[in-house]
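Participant: Handing you a structure now.
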């Protein structure tokens with residue numbers, strides 16, 4: 001039963017994809033995603049994955065090929081990162097609008113310019129409005145498990161929406177850990193392939209990409225919105241069923257780590273959640289009532305979960321590897337929007353950290369907790385946006 | 001003229017009754033599309049020899065050849081004027097919509 005493999009995040013994700021048995025893979029290599037597509041090519045070569053592997057000339061073509069394959073009812077997979085994700089942006093909208101349950105891995109990486117290949121989440125967070133479900137993982141095991149769950153979520157008849165599985169570049173893609181490989185038979189049972197309701201069919205010919213003018217467009221957009229709202233239940237269900245079959249649960253849309261009695265909580269996503277958990281343990285041992293809320297998805301946004309878990313905290317910090325220039329971190333805006341519907345809203349503070357791969361240490365997170373605790377006790381109108389470890393004086397000084 | 005007919009598609013009451021994404025059985029025309037036309041091509045049946053050149057070059061497929069004479073489906077003609085330019089017999093002329 002125990003089948004442990006020492007694998008990098010990229011390799012773990014590729015192992016998960018092999019278990020999910022996509023019928024078509026179309027991908028273009030890009031750092032730090034490259035190992036995933038190389039491993040998948042290895043699996044095709046050694047016969048352990050029977051799939052049509054399409055070597056395409058760009059990410060735009062990769063997504064276009066996935067759209068074509070998915071339109072024929074094929075289970076598809078692609079993987080990208082950073083500039084590649086941005087290059088396929090046009091096709092992301094075609095895929096989601098067409099309601100094709102494509103699963104894609106995105107290795108979170110900084111965006112140019114200045115040029116940088118290291119990890120931050122500005123690539124995927126800039127694509128929140130593409131109509132894709134966006135999941136984020138904390139480690140290699142979660143990457144492997146989540147890519148399998150992604151097919152169950154995407155192909156749910158109430159959802160039929162593409163899913164992007166995000167894992168942090170280098171911090172996850174290139175670090176090794178022991179991962180447990182689920183049994184193929186159980187995975188087959190968990191995500192049995194079924195015909196897609198919107199697949200092209202000679203016996204029932206359809207036009208695809210029909211025109212919907214002003215008289216119809218709102219309803220199609222509402223339908224798409226409903227599908228992603230429905231995916232909230234599908235994400236939680238996929239997690240519960242996964243736990244029943246494989247014994248691992250990630251909490252569904254969010255993980256509540258020691259938040260129930262906490263008066264200072266940090267909300268974050270991706271690999272830094274793991275570091276934050278350790279800091280929470282350290283601070284708890286010293287008597288601080290602190291907690292971690294890990295976002296596993298940002299589309300759909302777990303509004304109700306956040307209101308419930310964060311509602312009683314005095315102060316909430318949002319730690320993210322993103323800045324939406326001219327405002328604040330995109331995740332911070334989302335969290336504030338959810339909390340603003342509470343009668344009494346906790347004070348909130350935004351930490352912009354880890355840009356272009358800058359390390360986020362345990363000490364950084366400890367200081368972040370200390371900062372929000374002080375901010376929670378301070379009634380003055382201080383700034384609530386901070387670039388962590390900014391190596392220069394603040395603008396205006 | 002034997003042209004696709006614009007039909008009425010009853011707006012579904014429930015969002016579940018909408019097609020899943022924009023995939024739908026072909027042939028449902030719910031609207032005409034010619035509002036942007038500023039010049040209208042008119043075929044002079046006396047000059048027309050039914051060589052079918054206009055039928056071939058019309059980008060919107062609006063030349064109807066089902067009857068005795070060629071006719072233009074003005075519900076879908078955008079007024080691009082390619083037919084008039086390509087006609088070797090000067091049988092098609094363009095007329096400003098407001099003057100007709």
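Participant: FRET efficiency for residue A:93 and residue A:183, Cβ-Cβ distance as r, R0 = 51 Å, nearest 0.05?
Facilitator: Calculated value: 0.85.
Participant: Next question. Taking only the alpha-carbon atoms of the stretch A:175-220, what semi-axes of the equivalent ellipsoid follow from 5 times the gyration tensor eigenvalues under a square root, in whole Å, largest first?
Facilitator: 40, 19, 9
Participant: Rounded, prolate or oblate: which one fits the stretch A:127-208, using the alpha carbon gyration tensor with axes a ≥ b ≥ c (rounded when a/c is under 1.5, else prolate when a/b beats b/c, else oblate)?
Facilitator: Verdict is oblate for the stretch A:127-208.
Participant: Right, next: Which of rounded, prolate or oblate describes the stretch A:254-387 when judged by the alpha-carbon gyration tensor and an a/c cut-off of 1.5?
Facilitator: rounded
Participant: As a check on your grasp of the helix formula, calculate [θ] at 222 nm for chain A: sum -39500 (n - 2.57) over DSSP H runs of n ≥ 4, divide by the residue count, round to the nearest 500.
Facilitator: -12000 deg cm²/dmol
Participant: Taking chain A as the reference, fit the longest principal axis to its C-alpha atoms, fit the long axis of helix A:362-377 to the helix C-alpha atoms, and give the angle between the two in degrees, 0 to 90, nearest 10.
Facilitator: The two axes meet at around 60 degrees.
Participant: Running a GNM on chain A with Cα contacts under 10 Å, which residue among A:219, A:38, A:241 ends up with the highest mean-square fluctuation?
Facilitator: A:219
Participant: With bins 10 Å wide starting at 0, give me the P(r) of the protein assembly as shown over every alpha carbon pair, in whole percents.
Facilitator: Computed distribution, short to long bins: 4, 17, 24, 20, 14, 9, 7, 3, 1, 0.
Participant: Mind checking which of A:139, A:378, A:198 has the largest fluctuation in a GNM of chain A, springs on alpha carbons under 10 Å?
Facilitator: Checking each option, the largest mean-square fluctuation is seen for A:378.
Participant: What is the ratio of the Cα radius of gyration of the stretch A:90-173 to 2.2 N^0.38 Å, where N is its residue count, to two decimals?
Facilitator: 1.11
Participant: Compute the semi-axes of the equivalent ellipsoid of the stretch B:33-99, taking the square root of 5 times each eigenvalue of the Cα gyration tensor, and list them largest first in whole Å.
Facilitator: 18, 13, 11
Participant: So, in nm, how far is label residue B:96 from label residue A:327 when the simple model puts each one 7 Å beyond its Cα toward the Cβ?
Facilitator: 4.8
Participant: Now, a different point. May I ask for the angle, rounded to the nearest 10°, between helix A:140-154 and the longest principal axis of chain A, with both axes built from Cα atoms and the value confined to 0 to 90°?
Facilitator: Helix A:140-154 sits roughly 60 degrees off the main axis of chain A.
Participant: Right, something else. Given a Förster radius of 25 Å and the C-beta distance between residue B:80 and residue B:26 as r, what FRET efficiency does 1/(1 + (r/R0)^6) yield to the nearest 0.05?
Facilitator: The formula returns an efficiency of 0.55 here.
Participant: Measure out, as a whole number of angstrom, how far apart the alpha-carbon centroids of the stretch B:29-74 and the stretch A:1-62 sit.
Facilitator: If you average the Cα positions of each part, the centres end up 53 Å apart.
Participant: If you don't mind, there's one more thing I want to ask. Set the Förster radius R0 to 56 Å, insert the Cβ-Cβ distance between residue A:341 and residue B:42 as r into 1/(1 + (r/R0)^6), and round the FRET efficiency to 0.05.
Facilitator: Efficiency computed from Cβ-Cβ geometry: 0.35.
Participant: May I ask you to compute the full-extension gain from residue B:33 to residue B:9, defined as 0.36 nm times their residue separation minus their alpha-carbon distance, rounded to one decimal in nm?
Facilitator: My answer for the length gained is 7.0 nm.
Participant: While we're here: Going 7 Å from the Cα of residue A:304 in the Cα-to-Cβ direction, what parts of the stretch A:153-169 have a backbone nitrogen less than 12 Å from that spot?
Facilitator: none
Participant: For chain A, modelled as a GNM with alpha-carbon contacts under 10 angstrom, which of A:137, A:316, A:24 fluctuates the most?
Facilitator: Of the options given, A:24 has the highest mean-square fluctuation.
Participant: Also, I was wondering about something else. Quote the relative contact order of chain B in percent (integer), defining contacts as alpha-carbon pairs under 8 Å separated by 6+ residues.
Facilitator: 34
Participant: Right, another one. Take every Cα pair under 8 Å in the stretch A:254-387 that's 6+ residues apart, average their separations, divide by the length, and report that relative contact order as a whole percent.
Facilitator: So the answer I get is 28 percent.
Participant: Now a separate question. Between residue A:377 and residue A:245, what length in nm is gained on full extension when 0.36 nm per residue of separation is reduced by their alpha carbon distance?
Facilitator: Extending this stretch completely gives an extra 43.0 nm.
Participant: So what is the relative contact order for chain A, in percent, with contacts set as C-alpha pairs under 8 Å and at least six apart?
Facilitator: Over chain A, the number comes to 16 percent.
Participant: The stretch A:328-373 to the stretch A:205-275: how many Å between their Cα centroids?
Facilitator: Spelled out, the Cα-based centre of one part sits 21 Å from the other.
Participant: Which shape class, rounded, prolate or oblate, goes with the stretch A:16-78 when its Cα gyration tensor gives a ≥ b ≥ c as root eigenvalues, a/c under 1.5 marks rounded, and past that a/b bigger than b/c marks prolate?
Facilitator: oblate
Values in this text are rule-based calculations from the coordinates and carry no lab data. Owing to the predicted nature of the structure, the values given are computational and were not obtained by experimental measurement. Heads up, the Cβs are rebuilt from the backbone with ideal geometry, glycines too, and the neighbour counts pull from every protein chain shown.
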